[in-house]
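For reference, the structure discussed in these notes is given below.
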């Protein structure tokens with residue numbers, strides 16, 4: 001069975017659980033103690049030299065890393081990837097935006113504030129990350145005023161990638177009340193068949209509803 | 001004709017020029033003055049709300065952003081994307097690694113040191129970025145000891161994405177002499193048909209050699 005090495009509260013790990021649930025693909029979970037540095041040790045780096053979760057063991061000894069690459073792997077040939085060439089590239093555009101312009105600010109602020117504590121001397125850096133996080137939310141709000149989902153008319157991997165940390169951005173002290181288009185999109189994402197919350201325990205995986 | 005909005009020394013822009021050259025696709029260039037904030041103005045943000053180069057105008061009024069998504073768009077159906085499903089996902093894994101764990105450190109250090117100057121008060125941040133840049137190079141070195149290219153046996157978009165800033169990392173004061181596997185890979189990348197250097201003027205675009 002597929003084995004997901006993860007840290008449950010991580011949005012990057014949640015992306016993978018959400019998609020696998022929506023696709024009806026069973027998997028088991030190995031929970032890592034990131035506070036104790038579990039992803040940085042030699043044991044884990046033999047699985048994923050980048051030293052990050054999520055890491056998926058596809059078959060014994062075969063690993064795939066980077067949340068958005070894992071999403072792509074499982075979504076190929078499914079409705080989660082648009083069939084139109086430009087929409088497909090647009091989906092990837094937003095997935096790269098998520099990793100470059102969104103996650104380093106919103107996810108890191110959330111991780112520091114809600115899980116690991118703000119590292120000593122990083123208070124000013126937190127302010128900068130907060131500012132850049134708001135810039136990312138502004139870009140998202142502008143897009144979602146024009147179309148229902150990031151790749152166009154349909155829910156795709158780009159929505160999974162961006163939903164993961166955006167919907168819990170309040171845990172990084174981002175005020176989402178000022179973003180009505182983003183909040184309306186949350187409702188559309190949550191209405192997708194087989195939706196799973198970030199807190200749903202991995203151990204309760206069942207046949208999804210679709 | 002395709003119109004590439006770019007800043008010539010940017011590795012992210014170079015990726016696009018290199019692939020289009022290797023594919024024999026003609027394009028014209030609009031050079032932006034990033035020092036003067038050209039990518040941050042309302043005019044440019046109407047083209048790409050993320051406010052970054054490269055941005056490609058596919059047809060009048062239709063824009064695509066994020067270097068690695070642009071690469072994907074043009075490479076679909078060509079040998080630059082592996083036909084094997086796992087190799088394709090592995091290629092994307094390294095492209096996301098590049099944007100998350102490599103570019104923010106190696107490209108930013110290079111930009112500060114060689115183009116824009118280190119911002120006031122960012123000296124310690126530069127040290128941190130240098131450290132994380134070396135961590136990315138260490139991961140690359142480890143991979144390249146095992147296989148000739150990042151997706152496996154063949155040159156792919158992952159090599160274009162990672163070559164762009166790695167081969168000029170010395171401009172960010174990274175010492176590449178300690179990375180023999182990376183330097184051997186440079187030679188393999190440079191030997192690909194239609195290779196183009198980062199400094200080759202855009203105005204001299206010609207029919208590529210393949």
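Here, each number is a calculation from the coordinates, and none is a lab measurement. Predicted model, so just to flag it, every value in this text is computed and none were measured. Positions of Cβ are generated from backbone atoms using ideal geometry, with glycine treated the same way; all protein chains shown enter the neighbour counts.
Rounded, prolate or oblate: which fits segment A:20-138, taking a ≥ b ≥ c as square roots of the Cα gyration tensor eigenvalues, rounded meaning a/c under 1.5, else prolate when a/b beats b/c? Before the final figure, lay out the partial values.
Values: a/c = 2.45, a/b = 1.17, b/c = 2.10.
In terms of gyration-tensor shape, oblate.
Over every Cα atom in segment B:109-150, the radius of gyration and the widest Cα-Cα span, Dmax, amount to 13.8, 41 Å.
Fewest neighbouring Cβ atoms within 10 Å first, the residues A:113, B:106 line up as A:113, B:106. Using equal-weight Cα scatterers in the Debye expression, the normalised intensity of segment A:85-190 in log10 at q = 0.12, 0.19, 0.24 Å⁻¹ is -0.39, -0.90, -1.31.
Please compute the length gained on full extension between residue A:58 and residue A:197, using 0.36 nm multiplied by the number of residues separating them and subtracting their Cα-Cα distance.
Working: separation 139, 0.36 × 139 = 50.04 nm, distance 2.36 nm.
Contour length minus the Cα-Cα distance gives 47.7 nm.
Let me know the shape class of the protein assembly as shown, please: from the alpha-carbon gyration tensor, a ≥ b ≥ c as square roots of the eigenvalues, rounded when a/c is under 1.5, otherwise prolate if a/b is greater than b/c, or oblate. Rounded, because the longest to shortest axis ratio a/c is under 1.5.
Which residue fluctuates most in the GNM of chain A (Cα springs below 10 Å): A:20, A:86, A:126? Per the Cα network of chain A with a 10 Å cutoff, A:86 tops the list. Considered as an equivalent ellipsoid built on the Cα gyration tensor, chain B has semi-axes of 25, 24, 15 Å, the largest given first.
What is the average number of partner chain Cβ atoms found within 10 Å of a Cβ in A:60-67? Can you show the working numbers first?
Values: counts 0, 0, 1, 2, 5, 6, 12, 3.
Average per residue, whole number: 4.
Just need the relative contact order of segment A:85-190 here, percent rounded to a whole number, with Cα pairs under 8 Å and 6+ apart. Display every interim value, and only then the final one.
Details: 103 pairs, mean separation 39.5, N = 106.
Once divided by the residue count of segment A:85-190, the mean separation gives 37 percent.
Chain A has one residue whose beta-carbon comes closest to the axis relating it to chain B; that residue and its distance in whole Å are A:99, 3.
Return the Rg/Rh ratio of segment B:2-48 with Cα-based radii and a Kirkwood Rh. Don't skip to the answer; put the middle values down first.
Details: Rg = 11.5 Å, Rh = 11.4 Å.
That ratio is 1.01, to two decimals.
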